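Peer 1: For reference, the structure I am asking about is given below.
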Amino acid sequence: TRPTQNAIFMAERVPFMAGNWKCNTVLPEAVDLAKAVAKASEKASGVTVAVCAPAPFLAPVADALKGTKVALGGQDCHWEAGGAFTGAVSTAMLKSVGCEYVLSGHSERRSIFGDSDADVNKKTLKILEEGLKCILCIGELKEERESGETFNVCDVQLTEGLKGVSAEMMKNVVIAYEPVWAIGTGLTATPEVAQETHEYIRKWFVENYNQEVADNVIIQYGGSVNDANVDDLMACPDIDGALVGGASLKAESFSRIVNFNKK
Ligand SMILES: O=C[C@H](O)COP(=O)(O)O
């Protein structure tokens, strides 16, 4: 565990590694991958592990993960409880198949499927209302980084995404900082660049919530995390885990990520 600097609350943030399989795998591959992740996680101590599987495979993946330490997550949800919303997945559905986590505001949902900050907020609130944990994804585009807008983008996405989320509710929220220019590109942010934004995000929680929330909130980094860069990223004081896309599809790589070397 990694103690934070504030001695008053003695917060200890347990590193959290989540694989986001996105729109990949077919059923047998998904089940095999889940089993491999479960096996790799057996020997990993002091780390929380989850996989966000494609919606059609959540139930069989849940079966494959039963009795293991790997939690299950959904990749997206609708903000309505249910009804005539063809193609949508409700939080009740996700809960009923054994999900503990749901992603909200992943950059691909924002950019490809048009999720606005208001939509992301509604999804976040619904996930929490359902009693699930929300991984709220934020991050800037390449142009925004180049024009010095990174912190401003994070501020807006946090402010809008967390509207109506109390300090108490924050116990069930994880933040995933994913600079969009680093997702699936092989262009990982350097540990220094990632740490700078993570530190900004943690301070944002001091200013907009309180020190206790800031000390306890898990902030994952996402964007081309792999077996070669995970140790350096995890050595940064404000990086508490990773949201992993491509490398989570390879059992060997994700296994190495889950069993990162603590520096
Ligand atoms: O949700 C995961 C992120 O989008 C990162 O994807 P990536 O590891 O393939 O860059």
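The values are calculated or read from the model by the stated rules, or taken from the named source; none is laboratory data. Computed from a prediction, not measured in an experiment: that's the story for all the values here. Cβ sites come from the backbone with ideal geometry, for glycine too, and all protein chains shown count toward neighbours. Note: accessible area is taken over every heavy atom of the protein model, side chains too, but ligands, DNA and RNA are not part of it. Shrake-Rupley method; radii C 1.70, N 1.55, O 1.52, S 1.80 Å.
Peer 1: If I go through region 174-192 residue by residue, how many of them are out of contact with any helix residue (DSSP H, G or I) (no Cβ under 7 Å at 6 or more places or on another chain) and either of a type in the set (S, T, Y) or surrounded by 15 or more Cβ atoms within 10 Å (Cβ to Cβ) (or both)?
Peer 2: In the first step, residues of region 174-192 are kept if they are out of contact with any helix residue (DSSP H, G or I) (no Cβ under 7 Å at 6 or more places or on another chain); the result is 174, 176, 182, 185-186, 190, 192.
Then keep just the ones that are either of a type in the set (S, T, Y) or surrounded by 15 or more Cβ atoms within 10 Å (Cβ to Cβ) (or both); that gives 174, 176, 182, 185, 190.
Adding up the residues that qualify gives 5.
Peer 1: Right, something else. For L136, are the conditions met, namely being open to solvent by less than 50 Å² (accessible area, probe 1.4 Å), within 14 Å of the ligand (Cβ to nearest atom) and either charged (D, E, K, R) or touching a residue at least 40 places away in the same chain (Cβ under 8 Å) (or both)?
Peer 2: Criteria met by L136.
Peer 1: Right, another one. Determine which single condition G222 fails, assuming it passes every other condition in (1) open to solvent by 30 Å² or more (accessible area, probe 1.4 Å); (2) touching a Cys at 6+ places or on another chain (Cβ under 8 Å); (3) within 16 Å of the ligand (Cβ to nearest atom).
Peer 2: Answer for G222: the failing condition is (1).
Peer 1: Working only within region 139-152, note down all residues that are open to solvent by 20 Å² or more (accessible area, probe 1.4 Å) and assigned to a helix (DSSP H, G or I).
Peer 2: K142, E143, E144, R145, E146, F151, N152
Peer 1: Looking at (1) open to solvent by 60 Å² or more (accessible area, probe 1.4 Å); (2) in contact (Cβ under 8 Å) with a residue 12 or more places away in the chain, can you tell me which one V217 breaks?
Peer 2: It is condition (1) that V217 fails.
Peer 1: Out of the residues in region 235-250 meeting the condition of being out of contact with any Lys or Arg (no Cβ under 7 Å at 6 or more places or on another chain) and open to solvent by less than 40 Å² (accessible area, probe 1.4 Å), tell me which one is farthest from the ligand (Cβ to nearest atom).
Peer 2: C236
Peer 1: Scan K163, K171 and give me the residue that is outside any helix (DSSP H, G or I), open to solvent by 60 Å² or more (accessible area, probe 1.4 Å), among the charged types (D, E, K, R) and more than 16 Å from the ligand (Cβ to nearest atom).
Peer 2: Just a single option satisfies the conditions, and that option is K163.
Peer 1: Scanning region 103-123 for residues that are in contact (Cβ under 8 Å) with a residue 40 or more places away in the chain, within 16 Å of the ligand (Cβ to nearest atom) and on the phi < 0 side of the Ramachandran plot, which turns out surrounded by the fewest Cβ atoms within 10 Å (Cβ to Cβ)?
Peer 2: S111
Peer 1: Go through region 39-96 and give me each residue that's of a type in the set (F, W, Y) and either within 23 Å of I219 (Cβ to Cβ) or in a loop (DSSP other than H, G, I, E, B) (or both).
Peer 2: Residues satisfying the conditions are W79, F85.
Peer 1: While we're looking at this one, here's another question. Is it the case that some residue within region 219-237 is over 27 Å from K142 (Cα atoms) and more than 18 Å from the chain's Cα centre (by Cα)?
Peer 2: no
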